[in-house]
Every structure is written in structure tokens, then in C-alpha cells.
Amino acid sequence: MITVTVRLMGNLIKISGTSSIQMRMEDGVVIKDLLEEIFRLYGEEMRHQVMDSSGKELAPYYKILVNGRNFNLLLGFDTPLQEGQVIHIMPPIAGG
Amino acid sequence: MIGGYAGKYLDVDLSTGKVDVRLLDKEMVEKYVGGGGFIAKILWDQLPPNADPLGWENILIITTGPMTATLAPTGGSWYVGFKSPATGIYGEGRGGGYFGPELKFAGYDTVILRGRSPEPVYLYIEDDKVEILPADELWGKDFFKTVDMLEEKYKGVRVLGIGPAGENLVKFACLMSDRYRAAGRGGAGAVMGSKNLKAIAVRGSKDINVADKEGFIKALKDANKTIFEHPATAKLLPDYGTSSLVNGMSAFGAFPTRNHRSGVFESAEKISGETMAETILVKTRGCYSCNIKCTRYTMVREGEYAGVESEGPEYETINAFGARCGIDNLEAIAMANMNANRLGLETISTGTLIAFAMELYEEGLLSKDECNGLELNFGNHQAMNRLLEDIAYRRGLGDILAEGVKEAAVKIGRGSEKYAMHVKGLELTATEPRAAQDSGLGHAVASRGGDHLRPWSPAYTLFSFGSEELGLGGTPDPIVPDDKARVVALMQRVSTFTDMNGMCKFTVLCNTLAPSQLAHLYTTITGISFTAEDVMQSAARVWNLQRALNTIKFGITSADDTLPHRFLNETAPDGPAKGKVVELDKMKKEYYSLEGWDDNGVPRRERILELGLDFVAEELGK
Ligand code: SF4
């Protein structure tokens, strides 16, 4: 088993009621598995926010970071998770 | 007739008290648009290159753009230009609120301020009436009080001015308007103070004409549709303001922490937009003609800072008084923000100076006695707030820090230069460049020194806000230098143009509006036909004119296009950029080549001529 920290931001905090979750997962899981677990815990509203209408891609401008790296620069939904990683699920962010 | 412009400008000599009203030149309009374009051209033509920035020869330019005072989205901008006392080079800033439109309603696009008044004065403008009046009663007052007094005297007036920091020639004093809007990084407030000018109060009753009303309404609908559909301008900025960036920037390892030692702040959440929305936020506000309304109005209701109320703090301010000083107390940051506004201190530089002093204290380079008796450890928010006031009034250590971080490091010595976070004398902003290499390049080559807004390229490189028209798509890798020169050059064009046309950069910061939409708005307002290419070309002209000023007149070379020691020599200790430094040389070489600059960073003759800047070519190689 591995433990990862999931951090949520913006409107996702409102849906889940928390900004940080410690998750125990099986060895060998990937981002896709983690997301499913999160949607199971926090319901369909969370899924509808994070995923697009096809349910296969992230909603526009949403991002997932694995230890601060955009998961598109890794293996996307198939990026393997490792012990101690921090996963950010990030709605669109703006400013300057 | 050209639409969008008032068509006249004021030329005020504060030494003699002479005020001239002049007509705006057609070539000036067509080639330089307004804002930073007007500023660069006026400084090139009229400023003696070796003018002392705080001497009578310096020129302070307050200007607008053709969209200011129209219904163009965020058309409330005014700009200030000057030779910076912090950097000795080009100085420019943009302010929002309502002052800019009011100046145009009074009938003026621009005010040029020269000389130095023998006594403190303020300028009162009401349509054709322009008066220079004694400011004995205003001098010494903070900016809020100054606004109160002028509003009491002249109903409905809009005020721009300085606080005690500007009067005391603090080199990062800014101009304030409409109570809470700030502009003029690099010491515009000190320049105004050096002229003995406390404020400009303006009231106007005229209209601004739009050349093609029907066309403008179409262009406006199209632009507003995009603004209302883009997540940055439709959701995030309205909901959380710029503070929506705090958590995200820290997640990317790009949130400067403890004087830029790191880019990851362990307590980012405590000072985030989300936390602000739940605690001190009262309501949101917007500038003139703005539907985005990114501004937060906040009030601290309990605890040691109870009673503090102000607009903001914005993202940059939260970082400067928060993570950069190791402070995770949002109320203390709100206090520092309010005091900076009141005293007329620019928050980014002020926070940088305090963080610098904190690191020197922790490294044993400054003693408690030398720190005005303060225990200046990172995280000490009471000390931060005390030191902020000491800077504005130049007390003890505050007097040294008031010179700006570059000069303060020279004065302190003891190897403190390596902790001084600036480019060309302008303090750095809230992006950790090891985690966003493009930001390192952007800061190194920006025309006013350590500037993050021309462009704020992390919108694309970190947050993936691309642009079809600019050819920016996919997921760029922020921690490698590849392709960053192109990104910076392209996004620089668009933000330079919004700093010319009278709009707020938040319409383009995340690539919301495309160049073609800016062109459409400009064409219909002015009646001057502009394409997307013209937008890019006119911005390139102005950018290169600013660069020519810096290199040819103010002596900047490639060696000045650099970054603080830390980013080039110390690897990032944590976050996704762990082990990285900024690979500046590679990016800079590519950037110079894209811009058409020679190895020394000077625009080449061919480039200058292609941009229609023949008068610059004449000065090349002199
Ligand atoms: S986006 Fe914010 S800063 Fe820009 S004009 Fe609107 S309220 Fe003002």
C-alpha cells in the first residue's frame, strides 16, 4: 500500500469540504484509479467538475499536478503513483 | 476625426507655473497609440539622457489610451511614465480606477509635468480651467486623508497623488489614485514628490467620441462574450481575484518564499484567495467599465488587526508581505497592504526590501540594533509592519531600505548583494523563475527592470492558457528553457499593446482576448484601420523604442539583462524545479535573435528602420 496526499483548490474545496486528503492506495495504481476513488468518496458533482462531458478528459483548463508537474508532461491518466507524492487537482487559476 | 482621443494634452511647467494646452499630433496617435507608446516617444524626444531622476529635468507623464473612458472592456486605465530613480532607466506603470476616464472627460489625453515647484502644490483641472494651487495643508498627509480633503473641496473629483513615501523620496514610492489604485513601480511617487507636486484633482464634463458606433458595439459584444466565457475572466478573477493564484503558484513551486530561497510556501493555503473569501472578504469591486471586477474589498473583523479595511491585498501583495517574508497571517498582510496604500508605498518592492532585511538578519549580516531594535526573523509580522512605516518615513534602517534593494545592498555591504532580489534596480515579483524559466527571461529583458507583467507568461507555461492566434497551445514544460524566448516575445507584444490602448492587462493576461479582437476594438473606436498584425507591429515598435531608450540613452547593455545570483547559481531546494537554476543565457540569445537585437542587446538598424523608428537609427553608433 502507498499513501499520497491529494490537494484540492477553489470550488473543489466547497464540494469536498476539505482542501487536503491523505489517501491509502494499492501499489501500482495510476492517476485514473485515484480519480475514481475521489469521485467515489465525493460523488458525481466532483466528477462533473473535474471531467469533461465525455468523462474521459479533464474539464477545460483543469489540471492535475504530480509533485508540481503537470500530468500531461508525464503519462497523463496512466501516470503511476508513488509513496509520499502530492497530487494537486486544480481548477482554472488566473491573476498576475 | 480620430475617435477615442480627447485630442489635447497639458504641458505644465511646475518651475514657472506656466500651463500650455497643446493639440495631440496625428503621427503620435497613429504610430504610438497612447499609454506606454506616448511615454516612450515623449521621453525619447524631450528627456535629457543624463537627467537626475529626482532633479527638475525629469519629466513625469500621466497619460491615457484611446480606449480609456470608452465602454471598451476595462477601459479605465491611466499610465505614468518617467525616468526611474530606482533604476536610472525607463519607468512606466498602469493604474485603474476612475482617474484616467475623468482626465479625458476634462478634455485631455495626457499631462506632461516638468520642472520643480518652489513650494508644495497640487494641480486642479476642471475642463478648461487648470490651476496650480498651494498644497501646504495637504503636504505630510497620507493619501487617504489627501483624497478626503480634496473631495470635500471639489465634489465628484477624482484624485491621483502621493503619500508621505513620495514626499520623502522613497525610491519605490508609487502614485495612488481613487484611494486604493496604485501605479508606477520604480518610484513614480518619488519623482512626483521631487517636483513638490502632491496631487492632481480632476473633474470633467465632456464626451469622448467613438468613430464607428455600430462597429464598436459589435466589437464590444464579441469581446465581452469572450470575457464572459473564458474561465480566467468569467470565473476565477471575479470569484477569487488575483489571489486565486496563491495555492496554484505554490503547487507549481513558483511562489517565492523567504526572499526567494524557495518557491514552495508550506502555509500558502492560509493566505490564499480561498481563505480570503471565507474570512476578510467583504465584497468585490471593479474599475471603470470593467465586467471582470477582480478587486477585493476586505475588512479584518477580529484580532490584533481588527478594523483594517482596504481594497486588496492582491496576489503580488500577498506574496510580497506574506510568503516572501515567511508570514502566513492574512490579517497582518491586509494591514501592511492598507498602510502601503495609505503611505504611497509600492507593495511589491516594499515586501522585497523587508524580506531582504529579514534574510540579512537571519544570516547575521544585520544586528537587532541595526534593525531599529526589531527581531527581524522571517515570519515576524509585527516587525514587518513596523519596518514598513520606518521605510516610508526613512527612520533608521528604513532610510537605507528606502533607497531600493540594489542601492541598499551597496550601502550595507558585507556581501549582502547576493540577497538583493532585483533586475536593473527594480525589485522582483511573485514568480519563482527556476520553476518558470520563461519568467526568468521576462524579468531579465523587461524594459522597466524586474517586471512580471510584460508578459505574465506563466499564464501559458504553468496554467496552459494558450492562444490560437499566437500559436501557443498544448502543455509547455515550465522548467526547461526550450521555446521560452518565442513565448515571452509573443506575449510581450500583447501586454505591451494593452499598456498603450487604455485597457487593463487582465483582458489579455491569460490570453483571453486575441490580437484580432484588440484590433477590432481599436479600429472601431479610432477609425484608424488596424489588423491583428498591426497590433503586434505597433507593440513591437513601442517595445523597441523603450529598449532603444534604455540601451542608447541610458547605457543598458546585455550584462544588465541578468538575474540575481541566487537564480543563476543556487539550485531550487524543493518543488518540481528542485535541482534547477535558470538557464538564462540560452533563452536570452534566442530572444535577442527573435527581437532583432545585437549581441549587446541593442536593436539592430534594420529592425529599427523596419519599425519606422528612423530617428532612433540616426542615434545608433554615435
Ligand atoms: S480586471 Fe481588475 S484591475 Fe483590471 S480593470 Fe477590472 S477590476 Fe480593475
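The values are calculated or read from the model by the stated rules, or taken from the named source; none is laboratory data. Given the structure is predicted, the values throughout are model-derived calculations rather than measurements. Glycine gets a Cβ as well: all are built from the backbone with ideal geometry, and neighbour counts include every protein chain shown.
Any chance region B:61-70 includes a residue that's of a type outside the set (S, T, N, Q), out of contact with any Asp or Glu (no Cβ under 7 Å at 6 or more places or on another chain), free of Cβ contacts under 8 Å to residues at least 60 places away in the same chain and more than 21 Å from B:Gly215 (Cα to Cα)? Yes, region B:61-70 has at least one match. Here B:Ala201 clears all of (1) surrounded by 24 or more Cβ atoms within 10 Å (Cβ to Cβ); (2) without any contact (Cβ under 8 Å) to a residue 24 or more places away in the chain except the condition numbered (2).
Only one of these conditions is not met by B:Ile479: (1) in a helix (DSSP H, G or I); (2) buried (at least 21 other Cβ atoms within 10 Å of the Cβ). Which number is it? The one condition B:Ile479 does not meet is (1). Quick one: is B:Lys235 within 16 Å of the ligand (Cβ to nearest atom), farther than 28 Å from B:Ile39 by Cβ and either in contact with a Ser or Thr (Cβ under 7 Å, 6 or more places away or on another chain) or not in a strand (DSSP E or B) (or both)? For B:Lys235, the condition - within 16 Å of the ligand (Cβ to nearest atom), farther than 28 Å from B:Ile39 by Cβ and either in contact with a Ser or Thr (Cβ under 7 Å, 6 or more places away or on another chain) or not in a strand (DSSP E or B) (or both) - is met.
Within region B:249-262, restricting attention to residues that are within 22 Å of the chain's Cα centre (by Cα) and facing chain A (nearest Cβ under 10 Å), the residue that is nearest to B:Ala334 (Cα to Cα) is B:Met249. With respect to (1) in contact with a strand residue (DSSP E or B) (Cβ under 6 Å, 6 or more places away or on another chain); (2) facing chain A (nearest Cβ under 7 Å), the lone exception for B:Ala232 is condition (1). Say whether the condition of being within 24 Å of B:Asn339 (Cα to Cα), touching a strand residue (DSSP E or B) at 6+ places or on another chain (Cβ under 8 Å) and either of a type in the set (A, V, I, L, M) or within 16 Å of the ligand (Cβ to nearest atom) (or both) is met by at least one residue in region B:40-59. No: region B:40-59 contains no residue that is within 24 Å of B:Asn339 (Cα to Cα), touching a strand residue (DSSP E or B) at 6+ places or on another chain (Cβ under 8 Å) and either of a type in the set (A, V, I, L, M) or within 16 Å of the ligand (Cβ to nearest atom) (or both). Taking region B:304-321 as the range and being within 14 Å of chain A (Cβ to nearest Cβ) and closer than 15 Å to B:Gly273 by Cβ as the test, the residues that pass are B:Gly312, B:Pro313, B:Glu314, B:Tyr315, B:Glu316, B:Thr317, B:Ile318, B:Asn319.
No other residue among B:Arg158, B:Arg185, B:Arg181 is surrounded by 21 or more Cβ atoms within 10 Å (Cβ to Cβ), within 14 Å of chain A (Cβ to nearest Cβ) and charged (D, E, K, R) apart from B:Arg185.
Selection of strands (runs of 3 or more DSSP E) fully inside region A:1-89 by the criterion of at least 2 residues being at the interface with chain B (Cβ under 10 Å from one of its Cβ atoms) and surrounded by 15 or more Cβ atoms within 10 Å (Cβ to Cβ) returns A:2-8, A:63-66.
Identify all residues within region B:482-510 that are away from the ligand (no atom under 15 Å from the Cβ) and not in a helix (DSSP H, G or I); write none if there are none. If the condition is that a residue be away from the ligand (no atom under 15 Å from the Cβ) and not in a helix (DSSP H, G or I), then B:Asp482, B:Asp483 are the ones that fit. Of the helices (runs of 4 or more DSSP H) lying entirely inside region B:349-437, the ones with 1 or more residues being within 20 Å of B:Leu563 (Cβ to Cβ) and modelled with pLDDT of 95 or more are found at B:405-412.
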